[in-house]
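Following: one structure in structure tokens, then a few remarks.
The values are calculated or read from the model by the stated rules, or taken from the named source; none is laboratory data. Since we're looking at a predicted model, the values are computed, not measured. Every residue, glycine among them, receives a Cβ derived from its backbone with ideal geometry; neighbour counts consider all protein chains shown.
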């Protein structure tokens, strides 16, 4: 009962983090929780994109304008976040797709674990949007964050992790390819409000013009493969 109460209270969160190294950077995320009973599937799509300030702006718009206090609003935010990535396949450089299946509570926990792993590279929250039954006050964003741009910084990391009672046609397990990432994102974008259990979207850096270096990307995301 405690777990279900928490899931009901935290419908959607948007979180942002600063990079551990160099004291800069920033990121955001979207997270949601729905019904955690029955059987479910979980999928995580993690991509490193070449630059892509327009991707950041689009994800920021989703976080800022979405309504996390309804299942319909949450599913719409998830769909829009997945579509942001689907619109920019030319920027995909590295990727990883993971899957899980089982009880809904287990799928929910797996999504939480994937999101925690994505957030582990960063220390401070810069942006948040928690369900609080007031669409006008849930979104917060820090404006005091600055960074120092380094020559060679290139990558934007985005992770979308979803648990749902139905996830459409997921690609088979295996080495991640661009086609596999596209298929998984398409399945994510089609999740209905009634099927959605939990969704997390995390991206970093968040500040316009800031990106991860090649060394940082390799260190923080060693499981990704070249697309």
Matching residues in the stretch 27-51 (surrounded by 24 or more Cβ atoms within 10 Å (Cβ to Cβ), at pLDDT 85 or above and more than 17 Å from residue 165 (Cα to Cα)) number 3
Which condition number in (1) touching a helix residue (DSSP H, G or I) at 6+ places or on another chain (Cβ under 6 Å); (2) under 21 Å from residue 98 (Cα atoms) is the one that residue 46 fails?
-> (1)
State which residue is modelled with the highest pLDDT when the search covers only the stretch 179-225 and only residues that are surrounded by fewer than 16 Cβ atoms within 10 Å (Cβ to Cβ) and within 17 Å of residue 114 (Cβ to Cβ).
-> 225
Within the group 220, 207, which residue is within 17 Å of the chain's Cα centre (by Cα) and over 29 Å from residue 167 (Cβ atoms)?
-> 207
Check whether at least one residue in the stretch 132-143 is outside any helix (DSSP H, G or I), under 13 Å from residue 97 (Cα atoms) and at pLDDT below 85, and report yes or no.
-> no
Near pairs, Cβ below 8 angstrom, 6+ apart or cross-chain, from the stretch 47-70 (farther than 20 Å from residue 157 by Cβ) to any residue that is surrounded by 14 or more Cβ atoms within 10 Å (Cβ to Cβ) and at pLDDT 85 or above | 66/76; 66/77; 66/80; 67/76; 67/77; 68/77; 70/193
Odd one out for residue 105, checked against (1) more than 17 Å from residue 197 (Cβ to Cβ); (2) in contact with a strand residue (DSSP E or B) (Cβ under 9 Å, 6 or more places away or on another chain); (3) at pLDDT 80 or above = (1)
Members of the stretch 52-72 found to be in a helix (DSSP H, G or I) and either at pLDDT 85 or above or within 21 Å of residue 112 (Cβ to Cβ) (or both), listed by number | 53, 54, 55, 56, 57, 58, 59, 61, 62, 63, 71
Could you grab me the full set of residues in the stretch 187-201 that are outside any strand (DSSP E or B), touching a strand residue (DSSP E or B) at 6+ places or on another chain (Cβ under 6 Å) and under 16 Å from residue 84 (Cα atoms)?
-> 188, 191
Taking residue 68, is it in contact with a helix residue (DSSP H, G or I) (Cβ under 7 Å, 6 or more places away or on another chain) and surrounded by fewer than 23 Cβ atoms within 10 Å (Cβ to Cβ)?
-> no
